[in-house]
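Laboratory data are not the source of any read-out in this text; all were calculated from the coordinates shown. All of these numbers come straight from a predicted model, not from anything done at the bench. Note: ideal-geometry Cβ built from the backbone for every residue, glycine included; neighbour counts use all protein chains shown.
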Amino acid sequence: MEIHMGRLLEKVIRKKGLNISKLANAIGVDQRSMYNWFAEPELEAGVLEKIAEAIEYDFTADLPTAIIKDPELIASDAEIRDDEYWKNKYINLLERYSGLLRQQQD
């Protein structure tokens, strides 16, 4: 059975009765990012760990251990990403944003 990490995250936050705006502020993102994460079937371990720390919740009981990475490994993964990776990520985000703007205009 595959776990939808975004739904799990939303369920935990809502069950704890947390304010999404305040939580987003606490971890340094905007509220829209939180809602986008709720829609994602997979989340980067760094995101999940940052939220887990902020809401004082241990996701390891809900997720297979293979999903939760060692924070030291996350840092080394980020270090090996080159400029091309970030350029492609930026272009992808711009394309998604443009698509959302077009949907609003229709």
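To make sure I understand the rule: partners must be lysines, Cα under 20 Å from the Cα of LYS50, and not fewer than 8 residues away in the same chain. Which ones qualify?
Counting by Cα, and skipping residues close in sequence, LYS50 has these lysines nearby: LYS11, LYS15, LYS16, LYS22, LYS69.
Do you know the relative contact order of region 1-69, to the nearest whole percent, from alpha carbon pairs under 8 angstrom that are 6+ apart?
Values: 48 pairs, mean separation 25.7, N = 69.
Relative contact order here is 37 percent.
Rounded if a/c is under 1.5, else prolate if a/b is larger than b/c, else oblate: which is region 1-69, with a ≥ b ≥ c the root eigenvalues of its Cα gyration tensor?
Details: a/c = 1.60, a/b = 1.50, b/c = 1.06.
Judged from the Cα gyration tensor, region 1-69 comes out prolate (a/c at least 1.5, a/b above b/c).
Hey, fewest Cβ within 10 Å first, where do GLU53, GLU2, GLU44 land in order? Show your work: numbers first, answer last.
Details: GLU53 11, GLU2 7, GLU44 15.
The order, fewest Cβ neighbours first, is GLU2, GLU53, GLU44.
Spelling out what I want: for every residue of region 83-96, take phi, set θ = phi - 60°, compute 6.51 cos²θ - 1.76 cosθ + 1.60 (Karplus), and round to whole Hz; glycine and proline get x.
Those phi angles translate into 4, 4, 4, 5, 4, 5, 5, 5, 4, 4, 5, 4, 5, 5 Hz.
Suppose every Lys and Arg Cβ carries +1 and every Asp and Glu Cβ carries -1, with no other charges. What dipole size does region 1-69 come out with about its Cα centre, to the nearest 20 debye? Each step should come with its number before you reach the end.
Working: 9 positive and 11 negative charges, 64 e Å.
Rounded to the nearest 20 debye, it is 300 debye.
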